[in-house]
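**Q** Pasting a structure below so you can have a look.
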Amino acid sequence: MTQYATNDQLAQMPVDQFYQQMGSSPAGLPTTEADQRLTTDGPNTIQQGKRTSNFKAFIKNFTSLMAILLWVSGIIAILAGMLELGIAIWAVNVINGVFSFWQEHAAKKATDALKELLPTYTTVVRDGKTVQINANDLVPGDVFNIQTGNRISADARIVQCESLQVDESALSGESQLVSKQVAYHKGSGKYDEANLVYAGTIAAQGNAVAVAIQTGMKTEFGQIAALTEGEKKVASPLEIELNRLTREISVIGMLIGVAFFIAAILVVHTPVAKAFIFALGMIVAFIPEGLLPTVTLSLANGVQGMSKHHALVKELNSVETLGETTVICSDKTGTLTQNQMTIEHIWLPGQQYDVTGEGYENNGQIKRGNQPVAFGQNADLDLLLRASFLDNDTQVEAPKDAQHGPKIMGSPTEAALQILVAKAGMKTHEIQSTNPRVKEFGFDSNRKRMSTVNQATDGTKTLYTKGALDGILALCDTILVQGRVRPMTDQDKTQIEQANQAFATQGLRSLAVAYRSVTDSEDLNQTADQLEHHLTFIGLTVMSDPPRPEVYEAVKRCHTADIRIIMVTGDGPTTAKSVAVKIGINGENVRIITGDELAQMSDSDLETAVKGDVLFARVAPEQKYRIVKANKANGEIVASTGDGVNDAPALKQADIGIAMGQTGTDVAKEAADMILTDDNFASIVAAIQEGRTVYADIQKFLLYILNSNVPEAVPSILYLFSGGLIPLPLTVMQILTVDLGTDMMPALGLGSEKSEPGIMDQPPRPRNAHLLNRRIILKAFAWYGLISSVISTAAYFLVNYRYGGWPHQALASSGSVYLQATTMTLAAIVFCQIAMAENCRTKLVSVFKIGLFSNHRINFGIIFEVCLLALIIYVPILQGIFNTTGLTTLDWVVLATIPIPVFLVEELRKFMVRRHLSREGKSPAAVK
Ligand code: ATP
């Protein structure tokens, strides 16, 4: 491992010596050296201290309430002389525990895999070139850029700095921003060297170039992380509800079990141990043991499904909240639109130019009428182009090949300006080298502009400013018209505003450009607001940013799904309205509230306003927080997008904070619950659909596992209420077989059922809605359960009728007829469950519509349960344990026909309900 001097020594050295110590230079490390260091120093990653061991997680599955019950029951069975039964109960317990552990493990693997999908990038200089690398590959000696919103990737010394303010709270706990600079200065605190930055801290403002000193676990942050516990897991609302549900149902099951236990002793005079085992059957039948792991796995599958739709969810519980979303507060640029800026026009007072060529192709031209115009032909235009190029932080790299577009490092707005100057044939290298930047005030979405001061070779300095027209116009007192600077009149202002308005109505966004000479006596260390004054207005660059094609459909789906969209943009009101109306978010009469108006509004006025057809334009990111809050106060479940540092409060305030994966800052990504890898609004809607689907699937799964409780319980009820005249039609081991054996796989399949048609045609689920609602309980117990009970009990009596001489003779309580009858009860329940698995797949839509065999997991589950049943029926050793015997061909024919009526009867019911609803003019989707 490479050894370097201490941080403090490195911070104090002259820069040349520091580079030498680090084996680096301002041109960065050679790639080969960087690769070598990556092998010796290891990846730049942080591992948290302790993690829950797999062993602990494994054991947890054997210490749940039901597992303990089964352990104890096994002991009692063995003590009572039923050794085989005792061992079988334990075996079932072990299989169930292992299955649950596997489900949890699969869920964890699925969520862990997501982390890999979202690497953090760092811009470094290697071999003299600026390149983007995965932050994990950063090594000591790497020269890297720090920009507003970055989480700093390594402990590093600053070599260039522009107003850098760092939030070191992750390290020091201090929330105040710390100013950084190139010169060494040591304060009194631990992390107080002014020219050092630390991994894990955040660049809240400004930018810098730094050289990495330590990476990974050797950084200060890494050393602290090594000592701290792994993240504590907080139970999600769904988990809490599931735990409550499991507890409640378990208590009911136990009460029933106890009642049966007493009744078996008193009414049927069963021996105590046998009565206990009998009661246990009832309890196990009721406890929904597989609930939590199956739900966790469904959520994890949902999260994986979302990642395929470009939405990375950080926590499983967000899946649930997504399904409840009622309002989406969405940015415009890049989320609803493509962020493919193309300059369409240039407007100078009294002159308009059109620009040809699509997107980032720089094969177009600037034209005045039909006449192409190049750089050098018109002084006013030249100045605008020069300002657009110099007051610009973005780099556009030529495309690698014909398949790839140019690579943009920076903002698409500025990239469009870079392409514009290329189209004009401006010699950019020359302009850059003869006008070095001496001061910059980077783009700030609050100020909505950016300025630089550049010094020409003759020593004269010029301030260039570009940004939102309203802000810049207020700073201009002169105007450049046909090569002459003169005072700006009200008429000029009106003319500029009218031109801007005309472009905005077409959905185009304009950027105003202005300048002024800076005298030698002016102090460049003043703030931006102190320097930006007495500007001369040059003109407007007007760009298009077409809506994303998928957005139209996504907006429609939000409307049918009763999800409201509120556009919150930094762009101007007219452009915002034009885009919003075009893509169908708002109507022509939409109320537009600007940032300035919003600042004057009271909270209650805002709460009223957000209920209507409204959009917010020219807002500062901080104001988004209030909009989200007002919606929440109205009881809405709010999803909000954001990408900048200042969006973080709104992202945290929202029920679902959504950060942009491509253009978002690290800070926004960390504050968010979900990250869009394609920055696309349509992906939010796809994620909401997935969220609704997962929740519906969990309900389907619940319906399935609950319904088999009824046919499992009915035999015991018959036994008790007949005072033992009807021997137990289903033994305890057989109940365990259905509950913990044959039901497992189809249930798992239901947990991954695809979206049911119409899922986005219904309103969002209310937040207080219970997972297990009345509809599911009724359907499980009074409909599906009833059908299965009738059929399985009939199967039991049928065998007795055929072989036992019943009803003239008493029902056998042992012997081959009894064995065959109980086997038939068990098999009939399993065959009913085959149809139930299909029935549970939709609420009201015909299963034929979604395809009877379209869920492969269910198909596999059905094959699995029939095979398991066959093994239990035909393997001699299992016959002994499960009280089964071989069945006749006729029995199998009867069994094979069972699923058909069970399925068709439910299809008929679904059809009648659909018909009834359509007669009443209601959508089937309205059924909860
Ligand atoms: P949204 O908030 O929907 O993403 P937006 O991208 O237009 O929309 P901001 O990025 O906050 O919002 O920009 C606000 C305004 O700032 C823009 O309308 C534009 O006038 C100006 N602006 C945007 N980018 C730059 C830039 N690189 N330099 C100078 N001004 C800019």
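The values are calculated or read from the model by the stated rules, or taken from the named source; none is laboratory data. All values reported here derive from a predicted model rather than from experimental measurement. Because the Cβ atoms are built from the backbone with ideal geometry, glycine has one as well, and the counts that use them run over all protein chains shown. Surface accessibility is based on the protein's heavy atoms, side chains included, excluding ligands, DNA and RNA. Shrake-Rupley method; radii C 1.70, N 1.55, O 1.52, S 1.80 Å.
**Q** Looking at region 115-217, which trypsin sites (Lys or Arg not before Pro) are DSSP coil and have at most 12 other C-beta atoms within 10 Å of their C-beta? Display every interim value, and only then the final one.
**A** Details: sites: LYS115, ARG126, LYS129, ARG151, ARG157, LYS180, LYS186, LYS190; in loops: LYS180, LYS190.
Those that pass, being in a loop and sparsely packed, are LYS190.
**Q** Measuring from centroid to centroid over Cα atoms, what is the spacing of region 390-417 and region 850-902 in Å?
**A** A separation of 63 Å, based on Cα centres.
**Q** In whole Hz, with x marking every Gly and Pro, tabulate ³J(HN,Hα) for region 252-265 from phi via Karplus 6.51 cos²θ - 1.76 cosθ + 1.60, θ = phi - 60°.
**A** 4, x, 5, 4, 4, x, 5, 4, 5, 4, 5, 4, 4, 6
**Q** I need the GluC sites (Glu not before Pro) found in region 314-366, filtered to DSSP loop residues with at most 11 other beta carbons within 10 Å of theirs. Before the final figure, lay out each step's value.
**A** Numbers: sites: GLU315, GLU320, GLU324, GLU344, GLU358, GLU361; in loops: GLU315, GLU358, GLU361.
Sparse-neighbourhood loop GluC sites (Glu not before Pro): GLU358.
**Q** What is the set of long-range amide H partners of HIS345 at a cut-off below 5 Å, with H atoms built 1.01 Å from backbone N?
**A** VAL355, VAL542
**Q** Right, here's the next one. Ignoring any ligand, DNA or RNA, what whole percent of the accessible area of region 343-544 comes from carbon and sulfur when the probe is 1.4 angstrom? Write out the running numbers ahead of the final one.
**A** Values: 4340 of 9350 Å².
Exposed carbon and sulfur together represent 46 percent of the surface.
**Q** Counting each DSSP H run of 4 or more residues in the chain as -39500 (n - 2.57), what helix-only mean residue ellipticity at 222 nm follows after dividing by all residues, to the nearest 500 deg cm²/dmol?
**A** On the way: 37 runs with 441 residues, N = 928.
Counting only the DSSP helices, I get -14500 deg cm²/dmol.
**Q** Let me ask you something else. Calculate the translational D of the chain in whole µm² s⁻¹ from Stokes-Einstein, where the hydrodynamic radius comes from the Kirkwood formula applied to all Cα pairs, the temperature is 37 °C and the viscosity 0.692 mPa s.
**A** Numbers: Rh = 32.2 Å.
Answer, rounded: 102 µm²/s.
**Q** Another question, if that's okay. Using a 10 Å cut-off on Cβ atoms, rank the peptides 719-726, 636-643 from the highest mean neighbour count down.
**A** Details: 719-726: 16.1, 636-643: 27.6.
Packing proxy ranking, top to bottom: 636-643, 719-726.
**Q** From the phi angles alone, apply the Karplus equation (6.51, -1.76, 1.60; θ = phi - 60°) to region 198-207 and give each ³J(HN,Hα) in whole Hz, x where the residue is Gly or Pro.
**A** 10, 4, x, 8, 10, 7, 7, 8, x, 8
**Q** Leaving out ligands and nucleic acids, note down the accessible area per residue over the chain with a 1.4 angstrom probe, in whole Å². Display every interim value, and only then the final one.
**A** Numbers: 39760 Å² over 928 residues.
Heavy-atom accessible area per residue stands at 43 Å².
**Q** Can you tell me the 0 to 90 degree angle between the C-alpha axis of helix 83-117 and the longest principal axis of the chain, rounded to 10?
**A** The answer is roughly 10 degrees.
**Q** Quick one: compute the contact order of region 54-111, relative version, from alpha carbon pairs under 8 angstrom and 6+ residues apart, as a percent.
**A** On the way: 38 pairs, mean separation 20.8, N = 58.
About 36 percent, as a whole number.
**Q** Based on DSSP, what percent of beta bridges with both residues in the chain are antiparallel, to the nearest 5?
**A** 75 percent
**Q** At a 1.4 Å probe radius, carbon and sulfur cover how many percent of the accessible area of region 681-731?
**A** Carbon and sulfur atoms account for 74 percent of the accessible area of region 681-731.
**Q** To test your reading of the geometry: what angle, between 0 and 90 degrees and rounded to tens, separates the Cα axis of helix 272-286 from the longest principal axis of the chain?
**A** Taking the Cα atoms of the chain, the angle to 272-286 is about 40 degrees.
**Q** Find the relative contact order for the chain and round it to a whole percent, using C-alpha pairs within less than 8 Å whose residues are 6+ positions apart. Could the numbers behind the result be given before it?
**A** Numbers: 1740 pairs, mean separation 99.1, N = 928.
Relative contact order, the chain: 11 percent.
**Q** Using only Cα atoms, tell me the angle between helix 681-707 and the longest principal axis of the chain; keep it within 0 to 90° and round to the nearest 10.
**A** Value to nearest ten degrees: 10.
**Q** A follow-up question, please. Hey, any idea what % of region 54-111's accessible area is carbon plus sulfur with a 1.4 Å probe?
**A** 78 percent
**Q** Under 5 Å between amide H atoms, partner at least 5 residues away or on a different chain: which partners does THR569 have, H built in plane at 1.01 Å?
**A** Result for THR569 returns PHE616, ALA617, ARG618, VAL619.
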